[in-house]
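Everything below concerns the one structure shown next.
The values are calculated or read from the model by the stated rules, or taken from the named source; none is laboratory data. Source: prediction; values computed, not measured. No Cβ is skipped: glycine too gets one built from the backbone with ideal geometry, and neighbour counts run over all protein chains shown. Only protein heavy atoms, including side chains, enter the accessible area calculation; ligands, DNA and RNA are left aside. Shrake-Rupley method; radii C 1.70, N 1.55, O 1.52, S 1.80 Å.
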Amino acid sequence: MAEEKKNTKNTAQKDHWFSVDGIAKEAKRVRWPKWKTEGNTSGTIQNTGEVLVFGGFFALFFVCCDFVVAFLLRFIGIGV
């Protein structure tokens, strides 16, 4: 009987997990990334720069490929 009361008490506590204090406590536990590079770990600014450079490179690559394919199709008479 006492064991059943313990189980219901633990369940009731778990049901009320959403609170401002709980969110603040969990946010403090998170390992947030650093803005700048420190040691062997890259920072958020470096990662953002890498993503923008690679994204720009691939965008330019696919635009050039599109122009080449369009030119070849016009050259053989397909397309206007």
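Can you give the FRET efficiency for THR37 and PHE61, using 1/(1 + (r/R0)^6), R0 = 25 Å, r = Cβ-Cβ distance, to the nearest 0.05?
E between THR37 and PHE61, to the nearest 0.05, is 0.35.
Karplus couplings for segment 48-62 from phi (6.51 cos²θ - 1.76 cosθ + 1.60, θ = phi - 60°), rounded to Hz, Gly and Pro as x?
Each residue's phi maps through the Karplus curve to give 5, x, 4, 4, 5, 5, 5, x, x, 4, 5, 4, 4, 4, 6 Hz.
Starting at the first residue of segment 27-39, write each ³J(HN,Hα) from the Karplus equation 6.51 cos²θ - 1.76 cosθ + 1.60 with θ = phi - 60°, in whole Hz, x for Gly and Pro.
Working through the residues one at a time gives 5, 6, 7, 5, 8, 6, x, 7, 6, 10, 5, 9, x Hz.
Might you tell me the accessible area per residue for segment 15-80, computed with a 1.4 Å probe and given in Å²?
Using a 1.4 Å probe on heavy atoms only, each residue of segment 15-80 averages 98 Å².
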